[in-house]
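**Student:** One structure, as structure tokens, below. Some questions next.
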Amino acid sequence: MNYFLTEEQEMIRDLARRIAREKVAPVAAELDETGHFPREILEVMAESDLCGVYIPEEYGGLGGGVFELCLVVEEISRACSGVAVSYAATGLGCYPILLFGTEEQKKKYLPGIAAGKTICAFGLTEANAGSDAGGIETTAVLDGDYYVLNGTKQWITNGGEADVYTIVAMTDKKKGSRGASAFIVEKGTPGFEFGKKENKMGIRASATRELIFKDCRIPKENLLGREGMGFIVAMKTLDKSRPGIGAQAVGIAQGALDAAAKYARERIQFGQPISSFQAVQHMLADMATQLEAARALVYSTARFIDSGAKEYSKESAMAKLFASDVAMKVTVDAVQIMGGYGYMKEYPVEKMMRDAKITQIYEGTNQIQRNVIGLELIKEYARNK
């Protein structure tokens, strides 16, 4: 389907597709097996100027937005979503600075991010604060010219690998979610350590670690926005980043459909390719239709955000919810079409099925997305009655 990309967007997509085909696909199975962080591939993406597609030109980026980021994430995810999320997590960690940073903070950090020299991560989730983001227990206490951080963050993508972390911590526990604030913390700051690398079911090329803060002192200039804005920073960040999860899901689903269709044309049973059987054709038809619907929703949501829309929580949640559910279904069906071969690691679809599952979980489970959509719908109808 033609989504009427600009010439620059086509160039970004084609470049990401070539990197996925030439650099990512040949090592995807190895990265999945070893869990090796794909720093070498991220360096290739940096040399190709893909790290700055969503960074404004005045900070060294290409001046694109969420849509351009989605184009890159989708293409890389077709080959390996573990590599794609390692790339995209820098966007997640960077958005708080883009959205709420001072001019000094933007000038300090964004050029390095745009050049691919700085990897970022976002620290919100904790052991007792997953879906309940308001339940965070990490604290930040002002002590002279410094904030002192204590606590832990869990399941942090790019943890231990990133250079810069945006962290949400409580500056006033008595105020609940209104007592949270957001901070920039650099790797190497005394009192900032990492837990073990998690052994995950999918997206195994990405690094997931616990962040540990023990009397970690950071300059008060590292506060993002004002005290008490941490929950707003987190929610606005997730609203902007969730289409990226949708794009990851679309890429995984496309990769699975490609593999299943190729196999169906080559696999001979009863003297003919299984693609000639109506049962298989119907499965492929459903997979392709659902995939295209997911892509259309993700693209339109990203463009809506980039148009300057002020409120897009509902649309962002819809894109993430629908695309991730589609990715899960398409990958399961791809394994089914390929039968026993699909279940084997010699073929890529079992990995894609494992990778797809996380898209229904992180950056807010799909049950939370339905909560967001439902609440926003009720608000809309209340305003328009």
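**Student:** Is at least one residue of the stretch 360-372 at positive phi, buried (at least 20 other Cβ atoms within 10 Å of the Cβ), not assigned by TED's automatic domain parsing to the domain that holds ARG204 and not in a helix (DSSP H, G or I)? First the steps, then the outcome.
**Tutor:** Taking the stretch 360-372 as the starting set, the residues that turn out to be at positive phi are 363-364.
Subsequent filtering for residues that are buried (at least 20 other Cβ atoms within 10 Å of the Cβ) retains 363-364.
Of the ones still in play, those that are also not assigned by TED's automatic domain parsing to the domain that holds ARG204 are 363-364.
Filter once more, keeping what is not in a helix (DSSP H, G or I): 363-364.
Among the residues of the stretch 360-372, at least one is at positive phi, buried (at least 20 other Cβ atoms within 10 Å of the Cβ), not assigned by TED's automatic domain parsing to the domain that holds ARG204 and not in a helix (DSSP H, G or I), which makes the answer yes.
**Student:** Just checking, does the stretch 70-82 include any residue being among the small types (Gly, Ala, Ser) and either closer than 23 Å to MET170 by Cβ or touching a strand residue (DSSP E or B) at 6+ places or on another chain (Cβ under 6 Å) (or both)?
**Tutor:** The initial filter retains those residues of the stretch 70-82 that are among the small types (Gly, Ala, Ser), namely 77, 79, 81-82.
Remaining after also requiring either closer than 23 Å to MET170 by Cβ or touching a strand residue (DSSP E or B) at 6+ places or on another chain (Cβ under 6 Å) (or both): none.
There is no residue in the stretch 70-82 that is among the small types (Gly, Ala, Ser) and either closer than 23 Å to MET170 by Cβ or touching a strand residue (DSSP E or B) at 6+ places or on another chain (Cβ under 6 Å) (or both).
Yes/no matrix, rows are residues, columns are (1) free of Cβ contacts under 8 Å to residues at least 40 places away in the same chain; (2) within 17 Å of PRO96 (Cβ to Cβ); (3) β-branched (Val, Ile, Thr); (4) surrounded by fewer than 22 Cβ atoms within 10 Å (Cβ to Cβ):
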| position | (1), (2), (3), (4) |
| --- | --- |
| PRO190 | yes, no, no, yes |
| LYS197 | no, no, no, yes |
| GLU221 | no, yes, no, yes |
| MET235 | no, yes, no, yes |
| SER241 | no, yes, no, no |
| ASP258 | no, no, no, yes |
| TYR263 | no, no, no, yes |
| PRO273 | yes, no, no, yes |
| GLN278 | yes, no, no, yes |
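**Student:** Quick one: in the stretch 339-361, of everything that is in contact (Cβ under 8 Å) with a residue 12 or more places away in the chain and aromatic (Phe, Trp, Tyr), which residue is nearest to ASN371 (Cα to Cα)?
**Tutor:** Only one residue fits best here, namely TYR347.
**Student:** Any idea how many residues of the stretch 28-56 are surrounded by fewer than 24 Cβ atoms within 10 Å (Cβ to Cβ) and hydroxyl-bearing (Ser, Thr, Tyr)?
**Tutor:** 2
**Student:** May I ask you to say which residue of PHE122, PHE183 is more than 29 Å from ILE41 (Cβ to Cβ) and aromatic (Phe, Trp, Tyr)? It would help to see each step written out before you state the result.
**Tutor:** Details: PHE122 fails: more than 29 Å from ILE41 (Cβ to Cβ).
Testing whether each residue is more than 29 Å from ILE41 (Cβ to Cβ) and aromatic (Phe, Trp, Tyr) leaves just PHE183.
**Student:** Quick check on ARG295: is it over 30 Å from GLN154 (Cα atoms) and either outside any helix (DSSP H, G or I) or over 28 Å from the mean Cα position of the chain (by Cα) (or both)?
**Tutor:** Numbers: over 30 Å from GLN154 (Cα atoms): yes; either outside any helix (DSSP H, G or I) or over 28 Å from the mean Cα position of the chain (by Cα) (or both): no.
Criteria not met by ARG295.
The values are calculated or read from the model by the stated rules, or taken from the named source; none is laboratory data. Being a predicted model, the structure only gives us computed values, none of them experimental. Virtual Cβ from ideal backbone geometry, glycine too; neighbours counted across all protein chains shown.
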